[in-house]
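Data block below; observations after.
The values are calculated or read from the model by the stated rules, or taken from the named source; none is laboratory data. Because the structure is a prediction, the values reported are computed rather than measured. Reconstructed Cβ throughout: ideal geometry from the backbone, glycine too, with neighbour counts over all protein chains shown. Heads up: the accessible areas ignore ligands, DNA and RNA and are worked out on the full protein's heavy atoms, side chains in. Shrake-Rupley method; radii C 1.70, N 1.55, O 1.52, S 1.80 Å.
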Amino acid sequence: MKRINSFPTIAIFLFWICSSISGAVSAEEGTFFHCRLGWDGKVMARGEFSYSEDGSALQYKLVVHYVEDITMAHLHLGEVDQLGTPVVWLYPAGPPPRFIPGLFDGILAQGTITKDDLIGPLRRQPLSSLIAHIRAGNVYVNIHTRTHPRGDICGSVYLTEE
């Protein structure tokens, strides 16, 4: 009877196990978040967020539909129905606010958020602390306008279901 060498089978099995474990450890890889902003049942804006595989960046795009006299937009800590603290500038990329007169329809802001962009209570913290707040349902996008300087439309940021 000929003996079968099981080394290649064991090596492949161990490689598969290690790959599965490393995938489980880095559960943040390729994570997507979203938000819908509006009031009275109307969606007036949406945000899309993608967390980088290495955990160093959060790509974002904020699309607005016919919002009037925009001055700025942020990510805020807190719940939508409370006035939270800004933790990231989305539009413009940083202070001061920049007024867009009239109705705006299109991409208001897009770019990359890193730990260096965190402000307020998240300043000098790793980007993962922002992600932890998002996962806990404690982050929302707030678009400020001339008519409503404290915030006109907002929406919570959620994990996108795949």
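Taking into account only those residues within segment 103-116 that are open to solvent by 30 Å² or more (accessible area, probe 1.4 Å) and more than 21 Å from Ser128 (Cα to Cα), which is farthest from the chain's Cα centre (by Cα)?
Applying the filter and picking the extreme gives Leu103.
In segment 141-162, which residue that is touching a helix residue (DSSP H, G or I) at 6+ places or on another chain (Cβ under 9 Å) and among the aliphatic types (A, V, I, L, M) is surrounded by the fewest Cβ atoms within 10 Å (Cβ to Cβ)?
Leu159
How about segment 86-107: which of its residues are under 15 Å from Ile153 (Cα atoms) and either in contact (Cβ under 8 Å) with a residue 60 or more places away in the chain or of a type outside the set (A, V, I, L, M) (or both)?
Pro86, Tyr91, Phe104, Asp105
Of the conditions (1) over 13 Å from Gly84 (Cβ atoms); (2) open to solvent by 40 Å² or more (accessible area, probe 1.4 Å), Asn138 fails just one. Which one is it?
In the conditions (1) over 13 Å from Gly84 (Cβ atoms); (2) open to solvent by 40 Å² or more (accessible area, probe 1.4 Å), Asn138 misses (1) alone.
Suppose the filter is touching a helix residue (DSSP H, G or I) at 6+ places or on another chain (Cβ under 8 Å), open to solvent by 60 Å² or more (accessible area, probe 1.4 Å), more than 13 Å from Phe33 (Cα to Cα) and not basic (Lys, Arg); does Pro126 pass it?
For Pro126, the condition - touching a helix residue (DSSP H, G or I) at 6+ places or on another chain (Cβ under 8 Å), open to solvent by 60 Å² or more (accessible area, probe 1.4 Å), more than 13 Å from Phe33 (Cα to Cα) and not basic (Lys, Arg) - is met.
For segment 89-130, name all the residues that are over 29 Å from Tyr66 (Cβ atoms) and among the acidic types (Asp, Glu).
Hit for segment 89-130 is Asp116, nothing else.
Can you tell me which of Ser50, Ser6 is modelled with pLDDT of 80 or more and either loosely packed, with under 10 Cβ neighbours inside 10 Å or out of contact with any Ser or Thr (no Cβ under 7 Å at 6 or more places or on another chain) (or both)?
Matching residue, one of Ser50, Ser6: Ser50.
For segment 69-97, which residues satisfy the criterion of being open to solvent by less than 40 Å² (accessible area, probe 1.4 Å) and more than 19 Å from the chain's Cα centre (by Cα)?
Asp69, Ile70, Thr71 - these are the residues of segment 69-97 that are open to solvent by less than 40 Å² (accessible area, probe 1.4 Å) and more than 19 Å from the chain's Cα centre (by Cα).
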